[in-house]
Amino acid sequence: MAMAVEGAGAGVVVSEPEVVSIPPTPRGMSTPEGTATPPPAAGRGAATPARRVVEGLRGYLEEVGHLTRLNPQDAWLPITESRSGNARYAAFHTLNAGLGFQALLLPLAFPALGWSWGIISLTVAYFWQLYTLWILVKLHEAVPGRRYNRYVELAQAAFGEKLGMWLSLFPTIYLSAGSATALILVGGETMKLFYQIVCGPICSPSPISTIEWYLVFTSLAIVLSQLPNLNSIAGVSLIGGTTAITYCTMSWVLSVSQPRPPTVSYEPQAYTSLGSSLFSTLNALGIIAFAFRGHNLALEIQATMPSTFKHPAHVTMWRGAKVAYALIAMCLFPVAIGGYWAYGNMVPQGGMLTALYAFHSHDIPRGLLAATFLLVVFNCLSSFQIYSMPVFDSFEAAYTGRTNRPCSVWVRSGFRVFYGFLSLFISVALPFLSSLAGLLGGLTLPVTFAYPCFMWICIKKPERFSSGWYLNWGLGLLGTAFSLSLCVGGVWSIISSGMKFKFFKPPS
């Protein structure tokens, strides 16, 4: 029992960097039936209140099978500050992270792929990324007593400190900071369209400029970002997921319910060479890959949940993720199929929102059209919060590591204001960022489709030449090859379309 007291006492030591779980006492080590437990020696605190407390603590530990020892820095950081998450929170966060404005770009992939290959590619990508999400959920606690709370941590555990950092740092930074920048672009421009629809002909001759709309959106996002940690934005994620489902449904329903443009065509695009056809196909696959997002946040979401040997966090996380991805499928497939049916090869580069405004702004009741655009704004504001949380976590980790104390309210607020206006500056400097969907989908594809498969091989070490070994090697290598190919296809699409990069010149 002295050993148990020591173990329990060690539970308050704060030098361990990760959660450590202590297994329950093995059944075979209990006192045999019919054998009396020897009475404690006199003078050792027998029958004292402290001894009874320890006995009760031992019973509790055997029942729960878990003892937590945390680095105090984890208790200071936004991602791991609160561990009271549950399956509902997991569903809210996963839905908010996994469904967004990228879904509205899916019809752009079908002119190059056609009906059959477009639907097949979308289906394969959906189940592929669902499998890799399951891998990440399982690997969160792959080592007993240790939790990998961030994507980069798991990559370092699988590939080594340097290689894991090199492979995962840029894609995850882009998926967080780059997504925030893209959300400012989309949110600001959508607010401008909403204003024009609501205001109508009575607008003043000098409406608010696009940059000013970016500033309005960023200011609202910064106000929302003052919520302290990932669990505290569960309500925001619920709003984000609900609005995403609603505007995705409204976009395809409103498009399908209206007469199609008279010149609509579903004929595959004609190309002058085999290379042009190949690169256009790769760019279309990149747009599909770009629609599946959120894997860089899966471990962070799971880190907000309590975990014991009896109730591991991966069970709760997977329960919420399954609900979220069922809803995501109910949005992505109708948007892609309905959008292509409604507009065919005439889908503009801005996707479904631009098509709605360009083709049906005079046919659809102004209130419905304005409501659709307003829902997009709400979703962008909500998505900004969850995608920015890893960046806030990194800022505060650097601060607490240097000062060995938690961030004050003013320091935390200052980091978030600084990050918000930095993202605004990048949005103004790079207003064409949202037009690079194919290229960006290729750059970030390994985070979703390739790295999790290699992580499973490195950490779980499946038997060589087994079905799991072949499956993960095949998917991992295929995902890497697709990533390289899609990057090339994205660059070709930019060159062939004659896209001009105008820095610091957002649309007026």
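Quick notes on this one:
- Residues being more than 24 Å from the chain's Cα centre (by Cα) and either of a type in the set (A, V, I, L, M) or part of a helix (DSSP H, G or I) (or both) are entirely absent from the stretch 153-161.
- Residues in the stretch 109-155 that are open to solvent by 40 Å² or more (accessible area, probe 1.4 Å) and over 28 Å from residue 329 (Cα atoms) were compared, and the one that is modelled with the highest pLDDT is 153.
- For residue 197, the criteria (1) in contact with a Pro (Cβ under 7 Å, 6 or more places away or on another chain); (2) open to solvent by less than 40 Å² (accessible area, probe 1.4 Å); (3) assigned to a helix (DSSP H, G or I); (4) of a type outside the set (Gly, Ala, Ser) hold in every case but one, which is (1).
- Note on the stretch 200-235: among residues that are of a type in the set (Val, Ile, Thr), part of a helix (DSSP H, G or I) and open to solvent by 20 Å² or more (accessible area, probe 1.4 Å), the one that is modelled with the lowest pLDDT is 202.
- The lone criterion from (1) under 19 Å from the mean Cα position of the chain (by Cα); (2) more than 18 Å from residue 224 (Cβ to Cβ); (3) among the hydrophobic types (A, V, I, L, M, F, W, C) left unmet by residue 384 is number (2).
- Close pairs from the stretch 405-427: first β-branched (Val, Ile, Thr), partner buried (at least 16 other Cβ atoms within 10 Å of the Cβ), Cβ under 7 Å, at least 6 apart: 411/399; 417/222; 426/181
- In the stretch 142-160, the residues that are without any contact (Cβ under 8 Å) to a residue 60 or more places away in the chain and in contact with a Leu (Cβ under 7 Å, 6 or more places away or on another chain): 152
- Figure legend. Inter-residue proximity from the stretch 253-278: first residues open to solvent by less than 60 Å² (accessible area, probe 1.4 Å), second residues at pLDDT 75 or above and assigned to a loop (DSSP other than H, G, I, E, B), beta-carbon distance below 8 Å, spacing 6+ or different chains. Indicated pairs: 254/364; 258/363; 258/364.
- Qualifying residue in the stretch 338-348 (condition: in contact with a helix residue (DSSP H, G or I) (Cβ under 6 Å, 6 or more places away or on another chain), part of a helix (DSSP H, G or I) and either among the aliphatic types (A, V, I, L, M) or within 30 Å of residue 409 (Cβ to Cβ) (or both)): yes
- Only residues that are buried (at least 18 other Cβ atoms within 10 Å of the Cβ) and of a type outside the set (D, E, K, R) were counted in the stretch 400-416, giving 3.
- The selection criterion, being assigned to a helix (DSSP H, G or I), open to solvent by 10 Å² or more (accessible area, probe 1.4 Å), touching a residue at least 24 places away in the same chain (Cβ under 8 Å) and among the aromatic types (Phe, Trp, Tyr), holds for residue 333.
- For the stretch 365-398, taking the residues that are of a type in the set (Phe, Trp, Tyr) and open to solvent by 50 Å² or more (accessible area, probe 1.4 Å), the one that is farthest from residue 297 (Cα to Cα) is identified as 378.
- Counting the residues of the stretch 73-108 that are farther than 30 Å from residue 339 by Cβ, part of a helix (DSSP H, G or I) and at pLDDT 90 or above gives 4.
The values are calculated or read from the model by the stated rules, or taken from the named source; none is laboratory data. Please read all numbers here as calculations on a predicted model, not as lab measurements. Every residue, glycine as well, gets a Cβ built from its backbone with ideal geometry; the counts of neighbours run over all protein chains shown. Surface areas here come from the heavy atoms of the whole protein model, side chains and all, with no ligands, DNA or RNA. Shrake-Rupley method; radii C 1.70, N 1.55, O 1.52, S 1.80 Å.
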